[in-house]
Amino acid sequence: MPDTDGWAGPPPRAEPTPRWIRVRAGGEEVADSRRAMLLAWYGRGTAAYWSVRVGDAVHRDVAWSYAKPVPECPRIAGLVAFFNEKVDLVVDGVRQERPVSPWSS
């Protein structure tokens, strides 16, 4: 069934994870959570994009959120997700490799 963008695809999923998630931008920690959600999202709806200032540097559009997500996934309303292509993601103390995707630059 198409969503509000007219795209028919797998439904979004958001599930809690017990893992410790930290996010770094420009070498500084910008997020730390032991109540993170794993999100499988496919660009559905209208997102707000967020930038992070670390010192004099601005890391543009490294995070996104949905104030009003599509009805299939209301639990992500107000949560912030980071593009792991643009930040350093640390899971349970282990830095993850940055994937290469259209969002990498």
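Each reported figure results from applying straightforward, stated rules to the coordinates on display, with no laboratory input. Worth saying up front: this structure is predicted, and the values here are computed from it rather than measured. Reconstructed Cβ throughout: ideal geometry from the backbone, glycine too, with neighbour counts over all protein chains shown.
Structural remarks
- Contour excess over end-to-end distance, with Cα ends at T17 and V58 and 0.36 nm allotted per residue: 11.8 nm
- Taking 7 Å steps out from each Cα toward its Cβ at R98 and L39 produces label points 1.9 nm apart.
- Sites listed here are chymotrypsin sites (Phe, Trp or Tyr not before Pro) in the range 21-77 whose DSSP assignment is loop and whose Cβ has at most 15 other Cβ atoms within 10 Å: Y42.
- Whole-angstrom Cα spans of the chain along principal axes, big to small: 43, 30, 25
- Under the combined filter of DSSP loop state and at most 11 neighbouring Cβ atoms within 10 Å, the range 15-105 retains these GluC sites (Glu not before Pro): E97.
- Distance between modelled label sites at S65 and A77, nm, 7 Å Cα→Cβ extension: 1.4
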